[in-house]
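Each reported figure results from applying straightforward, stated rules to the coordinates on display, with no laboratory input. On a predicted model such as this, the values are computed, not experimentally measured, just so you know.
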């Protein structure tokens with residue numbers, strides 16, 4: 001008889017504990033239901049990267065002295081530097097420079113340790129491609145000037161928390177009927 005009562009009390013304790021965990025889960029769910037969405041309408045709105053953002057690397061071919069410091073400080077020996085030695089002037093001549101952004105970890109060591117400052121980080125983060133071999137940028141592609149989010153006339157640049165009303169930092173407890181910054185996607189499509 002005592003064994004049966006012990007099983008019943010253990011079952012009741014387990015049920016109460018399970019109900020407590022389910023209640024905690026529902027509390028988190030209901031808390032998130034009150035929040036506003038933090039979604040950026042991506043093709044039409046883009047977040048402005050911070051000034052220390054590490055995006056695509058920009059390369060200036062004329063400044064490079066082919067010292068290969070960037071290759072030595074790279075954790076994965078990524079930049080490919082191809083050069084020849086010119087005996088008449090006793091200097092290295094750079095022939096080819098490339099970086100594979102499919103492998104790059106954007107650590108910024110190459111930019112930091114470059115003695116001639118021919119490498120710099122840009123705020124470009126749209127490096128998507130259908131083929132991974134398209135992510136291997138040569139010196140021509142690396143030399144292309146970066147495009148800034150704020151200069152694109154088709155895009156509404158947003159800073160972080162730009163969707164919140166002025167003076168509000170937390171997404172909780174917003175005034176009823178407050179609109180997010182910018183237009184809704186359906187309004188943009190209907191205006192065309």
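Worth pointing out:
- Between region 1-57 and region 109-131, the C-alpha centres lie 38 angstrom from each other.
- Percentage relative contact order, region 57-145, counting C-alpha pairs under 8 Å, at least six apart: 39
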